[in-house]
Amino acid sequence: MTTTNEDKIVITILGADKVGIVAKITAILAECNVNIEDIKQSIMQNLFVMFMLAKTGEKSVPFNELKDKLNKAAEEMKMEIWVQKKAIFDKMHTI
Amino acid sequence: MNFFNEDSILETINMIRIHNLDIRTVTLALSLRDCMDTDVKCVGEKIHEKITRYAQYLKKYADDIGTEYSIPIVNKRVAVTPISIVGESCKKPDYVYLAKILDKAADEVGIDFIGGFGALVEKGMTKGDLLLMSSIPEALAGTKKVCSSINLASSKAGINMDAVNKMAEIIKLSANYTAKQDGIGAAKLVCFCNAPGDNPFMAGAFHGFGEPECALNIGVSGPGVVRAAVESLPKETPLGEVANKIKQIAYKITSTGELIGHELADKLGIPFGIIDLSLAPTPAVGDSVAGIFKAMGLEHAGAHGTTAALAMLNDAVKKGGIMASSHVGGLSGAFIPVSEDAEMIDAAANGHLTFDKLEAMTCVCSVGLDMIAIPGNTPNDTIAGIIADEMAIGMINKKTTAVRIIPVPNKDVGDNAVYGGLLGEAPIMAVNKLSSTDFVQRGGRIPAPIHSLNN
């Protein structure tokens, strides 16, 4: 199956740095059959920020379910999380 | 494309989380011309069946897409063929009944507003038009989601002063019928010059002539995003560069709207109509068009220079938007409603922003006199004069202009009208006390202007 932009999602996590953020998020993605394609993380204005580019497929759980799980995990870690289809960034920032 | 740029991702997220970027409305425009019948009950049944069939998934799909992109889609709406035309086919038209059918259908499909309870009377009124106009106060008082718009003038037909007089009376009655809610009926009623038939925003959305069977029109907003972008520039940045910055932001906002609009239209199985990038403020802190004037360097909305700032803003928004979509339409530009914009409310309450200045600003904004509360005892002929002035601005300048004013029952200058939600609140503004009666009561039509010798 060819990969389209529709399959790609960007997960952004913001908050105070702590142990286990990546582990927790990646565990959920694995459990939901979502493949991670790229990870970048940095400290911006004293805030931990992690970006993940991931790809959903036929075997992945529905988007809403994935988002709910990630939201719940972020809430437990007191982090802010954004789960968005990647197309919004492509469309907004390219001509 | 494998675009994965952290700065761009954060910029988008901050536009949404800090600066209130949202899809203000997804509006399903729907023709009801095939719902005509000689029996008004049959018309009602056909209207109800068609709206609930076409719009049944509008809210669900819009909510799903909003979740997928984490961008709020604030309003889901339906705009229909001007009801005067649909109801005119009946032997015994009952427009209040049809308004209630629209409201019921809107309620059942879970949308926020339904527009199109209106008529186009710039050159004259048919029997159906007159009946519909007379039924507006009762229709708006007896429904929650129905919005009404009447086109009273155009650059090609001139101004129908008989209709202007009629609507002045109807505005007053609509406010009086809803006196306990500070005349909210009049907040759901707008008079237009050169009304666009593809506008997704309320109260003026309707499905115009020359439009397809149905289409999805989308309205995007984001005054907070524009304000933040202007504020990010050094104070001494020349205005040309400020305009460029606004264009870039307008491009980004419109692109997002285009993406959402196409995706939702595909999902609904209907054609994508237009995208309308209108900086529509909300009472939320920072989500203000007047805030953009401050960011540009004016002390407050209403200062000398405000009209120039608005002209530049309105034009730059259109230019940026045009670049991002093949089908920009509707009203596209900057709205200047008073009650819906915290900074405009503040400027009006402190006397910086007067009715006359607002009228001047409507020469260059994308709509007109919007959500302005005036004393409840303002004479009908004065309201007619206000409408006529605004129609004249639109007619001569070949632009859309509109009047949505609320003569707030039992309130006067110094009082406040409170509506809540997106409609906000407004200080009652003073209007000129001189009489317009002998002028407006001449009636008839103000002829269409010459379209050459422009000066």
Q: Would you mind finding the one in B:Gly204, B:Gly210, B:Gly219 that is within 25 Å of B:Thr67 (Cβ to Cβ) and either in contact with a Ser or Thr (Cβ under 9 Å, 6 or more places away or on another chain) or outside the structural domain of B:Met344 (by TED's automatic domain parsing) (or both)?
A: B:Gly219
Q: Report, ordered by the first and then the second residue, all pairs with beta carbons closer than 7 Å, sequence separation of six or more or different chains, a first member in segment B:62-82 that is not assigned by TED's automatic domain parsing to the domain that holds B:Ile253, and a second member that is in a helix (DSSP H, G or I) and among the polar types (S, T, N, Q).
A: B:Thr67/A:Asn64; B:Ile71/B:Thr256
Q) Can you tell me which residue in segment B:52-105 is farthest from A:Phe63 (Cα to Cα), limited to those that are small (Gly, Ala, Ser) and within 23 Å of the chain's Cα centre (by Cα)? A) B:Ser84
Q.
Restricting to segment B:206-259, give me the number of residues that are within 12 Å of another protein chain (Cβ to nearest Cβ) and β-branched (Val, Ile, Thr).
A. 6
(Q) Please go through segment B:265-276 and give me each residue that is more than 13 Å from chain A (Cβ to nearest Cβ) and either part of a loop (DSSP other than H, G, I, E, B) or closer than 18 Å to B:Lys318 by Cα (or both), ordered by number. (A) B:Gly269, B:Ile270, B:Pro271, B:Gly273, B:Ile274, B:Asp276
Q. Out of all the residues in segment B:243-258, is one or more touching a Phe, Trp or Tyr at 6+ places or on another chain (Cβ under 9 Å) and without any contact (Cβ under 8 Å) to a residue 40 or more places away in the chain?
A. no
Q. Is at least one residue of segment B:17-39 more than 14 Å from chain A (Cβ to nearest Cβ), among the hydrophobic types (A, V, I, L, M, F, W, C) and in a helix (DSSP H, G or I)?
A. yes
Q.
Looking only at helices (runs of 4 or more DSSP H) that lie completely in segment A:8-95, which have at least 2 residues being within 13 Å of another protein chain (Cβ to nearest Cβ), closer than 18 Å to B:Arg17 by Cα and not hydroxyl-bearing (Ser, Thr, Tyr)?
A. A:63-76, A:87-93
(Q) Residues to consider are B:His300, B:His304, B:His262; find the one that is at pLDDT 95 or above, surrounded by fewer than 24 Cβ atoms within 10 Å (Cβ to Cβ) and part of a helix (DSSP H, G or I). (A) B:His262
Q) Do we find a residue being under 16 Å from B:Gly261 (Cβ atoms), charged (D, E, K, R), within 14 Å of another protein chain (Cβ to nearest Cβ) and surrounded by fewer than 17 Cβ atoms within 10 Å (Cβ to Cβ) anywhere in segment B:49-63? A) yes
Q. Yes or no: B:Ile170 free of Cβ contacts under 8 Å to residues at least 40 places away in the same chain and either in contact with a Phe, Trp or Tyr (Cβ under 9 Å, 6 or more places away or on another chain) or crowded, with 22+ Cβ neighbours inside 10 Å (or both)?
A. yes
Q: Considering only segment B:67-104, state which residues are within 14 Å of chain A (Cβ to nearest Cβ), part of a helix (DSSP H, G or I) and buried (at least 19 other Cβ atoms within 10 Å of the Cβ).
A: B:Glu68, B:Tyr69
Q) For segment B:317-334, which residues satisfy the criterion of being surrounded by fewer than 24 Cβ atoms within 10 Å (Cβ to Cβ), more than 14 Å from chain A (Cβ to nearest Cβ) and of a type in the set (A, V, I, L, M, F, W, C)? A) B:Val328
Q: Being at positive phi and at pLDDT 95 or above is the filter; apply it to segment B:422-455 and report the residue that is surrounded by the fewest Cβ atoms within 10 Å (Cβ to Cβ).
A: B:Gly444
Q: Would you please list the contacts, defined by Cβ atoms under 6 Å and residues six or more apart or on different chains, that run from a residue in segment B:289-307 that is in the same structural domain as B:His352 (by TED's automatic domain parsing) to a residue that is buried (at least 21 other Cβ atoms within 10 Å of the Cβ) and of a type in the set (Asp, Glu)?
A: B:Val289/B:Asp341; B:Ala290/B:Asp341; B:Ala290/B:Glu343; B:Gly291/B:Glu343
Q: Just need a number here: residues in segment B:203-232 that are touching a Lys or Arg at 6+ places or on another chain (Cβ under 7 Å) and of a type in the set (A, V, I, L, M).
A: 5
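The values are calculated or read from the model by the stated rules, or taken from the named source; none is laboratory data. Small disclaimer: the values here were computed from a predicted structure and weren't measured. Note that each Cβ is placed from the backbone with ideal geometry, even for glycine, and that neighbours are counted across all protein chains shown.
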